[in-house]
Structure formats: structure tokens, C-alpha cells
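Bear in mind these aren't lab numbers, they're just calculated from the coordinates by the rules spelled out. The model shown is predicted, which means the values in this text are computed figures rather than measured ones. Neighbour counts are summed over all protein chains in view; Cβ atoms, including those assigned to glycine, are modelled from backbone coordinates with ideal geometry.
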Amino acid sequence: MPPHKNLRRLAVLGSTGSIGCATLDVVRHAGDRMQIVALSAHTNTSLLAEQVREFQPEIVVVTGFRLQTPDFRFQTFGTETRSPKPEVFHDSDALCEIVTRDDIDVVVSAIVGSAGLQSTLSAVEAGKTVALANKESLVAGGELVTEATKKSGGKIIPIDSEHSAIWQCLEREWRVARGKGRELRNSQASPSQTLAPGPSSLTPTIILTASGGPFRDLSRQELERVTVADALAHPTWSMGKKITVDSATLMNKALEIIEARWLFDMPPEKIRVVLHPQSVVHSMVEFVDGAVMAQLSPPDMRLPIQWAIDYPNRFPCPARRIDWETMMTLEFFPPDFERFPALQLGMEVAAQGGTAGAVINAANEVAVEAFLQEKLPLYQITTVCQSILHHHNHERRPTFTQLMAADRWARSETQKWISR
Ligand code: NAD
Ligand code: MG
């Protein structure tokens, strides 16, 4: 049988996580339109083994510890000898190598934290299409990653639901602005190449929606008493622990402001946030004439994941759909910058660029981990990030090595702050 004409051969980095599993469900429903070439996981080898049995990838990468290859095969297939597949690699350098392979069309970047930066960068440098869930790579290395994308002709298609919505709202505008009509659908240019440069007075405004997390209505005093279990109970989304805590502090929205700044080449003053508890409107774009476009769907990541992989095509999707027979109320509120100071921090970092993103991201990763280990109260996550950001020596156009140094510095300073 000839291959599907829209076949996407995938590497799924972080396949055992929340986004990784949702991606594999999309693949499960896509039939011969999608094929898994590579999977990676950090430590959850039992789930990885199940995924290997089901999807039969050529390559598997385990980054968290070293397994003897025969043991892994044994665990995976129940026999040491049955099949030479998959080839097993063991460190994060292997991730950077496998994403450049000719037999991979789309790299799904779904590792959590700045651990996903290097493989994302390698993929775009190799001119690949990256379906990007790992927002931290744009937060920490936005300029480097988008420059590399432009240079290689690669593409970054967002999986983050807000950015996916914004992309969908802007697509027609890009076509009109560039006068390319249907051409854009085939050109698959990267966002930074396609966003209408035009005069800033004509630049649309991006409106990021935020559920507000579980503590949307708590007072400052009440926020001081929340527990890890409270923070992990997100009202609308089921996600990995780190992003769930980020949603509770609204640091997730701060990271998304920075992500949008790089992905859409937007000045921060053109990015706004509104609270929308139902998580049905995934984000909006307001054009200069006042028209607002939005993308709506129930909170289910399988839709933006499939859209990023299949772009620019649309196919039926396993994600839940809006039930138009049921009454639905959609609410919008302005956010309270005082109770959630992370938002202001996001704006500040988006304006600064340079090493600021790597610093706030690293400080936040360490602080979230400390909160999960009950060594830091939730409300102090933003406080420590603010403090570390304001003490760092800002470098405006950092190299990769300088970004990594800023990341290490911020991690060590945040540890010291927490121990004090
Ligand atoms: P998760 O914790 O559920 O999964 C993380 C995955 O990364 C796992 O497969 C794990 O094995 C791997 N991993 C962890 N540490 C690693 C390391 N040091 N090196 C290599 N691999 C490592 O996280 P998630 O919720 O799936 O989120 C993944 C990314 O997607 C994050 O950047 C998050 O912000 C973003 N995102 C998630 C959602 C969501 O609904 N979960 C929505 C939007 C964006
Ligand atoms: Mg999001």
C-alpha cells in the first residue's frame, strides 16, 4: 500500500507525560496518517515499555538512568531475542541526535522544563517541524530558538492551547497580509516568517485566556495556606505536576506571555490576559478595527496536538466537542495583578528578553520542586522568582553557553534563597 499522502513520521519526546500520552492517543486514532519513529521518557520505563509494544518505534531514548539494553528489551518484549527493534539510547545527547534523522517529519517536543531546550533547538536547527508543547524552551531560549528556525527554514507549531488558538485566529490575516492566498497553506512558513510585519499601529492584540487555576477567588491571606494537594487539583485541565502548580500561581500564564512574545514576534504591550474559568475559549485576537476572533473547544489537548502535527490540514479528531444542546455560560474577568504578581513578572521578562527568560524559568522550576516537597509555600514561588530575576546580570544577546550559565546561576541562587 502506498503511504498516506499526509503521512507524518513522529518523534515524541516525553512520551510518558500528560502531553506525550495525549499525543499517542491522537496517533492511535490517526490510522496510517501518523507513524511513531522514536519515543523518549525520563524514568517511567514500564509505561514506555507498553508504548513500545503498541507503537513499535525504531528508536527509544531513556534519559533518567542507564538501563542495560538487553534488560530493556526483555522488559519490553518479554524476550531478549525476538526483535532487533527498537534501538535504545541513554542520554539527552541522544535526543539531540535522533531528532535530526531523515525519517522524522515532526518532532513533538513534550519534555517538561528547560530539559527540553536542547532537543528542541537541535530539531529546529535541522530544519524540522516542531510541534511544541515544551513552552520552557521558548521562555528560556526564545530568541535563539526562533532565529535558528528562521535560518534553517524549520517550523514551530504550538501545542499550547492558547498559542494554537492564536495561530488559528491569525492564519487568515497572514495570508491576506502577505497577499499569498492559498499559498500559505502549502508554504508552512514559520510563525516569525509569516506574521505581518507592518506598522505597529496595525498589529493586532493577543488576548491570552487563563482559567485562573484553583485559587482564582482566594484572598492573599488564604493563598498563604494552600497545600500541595489543593494546588494539584486543577478545575478544568488534567496535566503534569509542574504545569499544574504553574497554573495555580499563574506563572504558567507568565510563561505563556513570554512564549507568545517569541512565537508571534509580538511586542509585550500587544499581549493581554483575561480570566476565563470555563477554559472553552482558548485565546483571542483583537484586530485594529475592534473585531475579535476566538477559537473554542472543550479543554482537551488532543485537538491542539493533532492540529500541530497535521498542520496545515484538518482531520476528524478524538478530542471532545462542544455539546450545543447543553446550555453553556462563558465568563471573562480582568486578572488581579496584585494577587497574582507572576503576570507582571511575565510582562517584564517578555520586554527584557536576553537571559531574563532563562533566569525566571530556572528559578521557577526550582521553586516549584521545593513547593512540591513542602519546602516552600506556594505564594513564595513568585516572590523568589522576582528576587532572583532582579539580582541577575542581564545579558541582552546571550549565546547558548551564556543561557546555560544563567540557568545554572538562577538554580543555585534559588536553592540558596529557599534554604535561607
Ligand atoms: P509531564 O510531567 O506529565 O511529562 C513530562 C515528560 O517529560 C515525561 O515523559 C518525562 O519522562 C519527561 N521528562 C521529565 N524530565 C525530563 C528530563 N530531565 N529529560 C528528559 N525528559 C524528561 O508534563 P506535561 O504536563 O506533559 O508537560 C509537558 C510540557 O508540555 C511542559 O512544558 C508543559 O508546560 C507543556 N504543556 C502541557 C500541557 C498539558 O495539558 N499537560 C498543556 C500545555 C503545555
Ligand atoms: Mg496553555
Pull out a ≥ b ≥ c, the square roots of the eigenvalues of the alpha-carbon gyration tensor of segment 197-343, then state rounded if a/c is under 1.5, prolate if not and a/b is larger than b/c, and oblate in the remaining case. oblate
Using alpha-carbon pairs under 8 Å, 6+ residues apart, how would you state the relative contact order of the chain in percent? 15 percent
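Kirkwood Rh over Cα pairs of the chain into Stokes-Einstein at 4 °C, 1.567 mPa s: D in µm²/s?
Details: Rh = 22.0 Å.
Reported coefficient: 59 µm²/s.
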Mind ranking 112-124, 40-52 by how tightly packed they are, going by the mean number of other C-beta atoms within 10 angstrom, highest first? 112-124, 40-52
Charges only on Cβ, +1 for Lys and Arg, -1 for Asp and Glu: so what's the dipole of the chain about the Cα centre, in debye to the nearest 20? 640 debye
At 0.36 nm per residue, and after removing the present C-alpha to C-alpha distance, how many nm does the segment from Gln373 to Glu222 gain when stretched out fully? 52.3 nm
Hits among aspartates and glutamates - C-alpha to C-alpha of Lys5 under 17 Å, sequence gap 8 or more where chains match: Asp32, Asp103, Asp105, Asp310
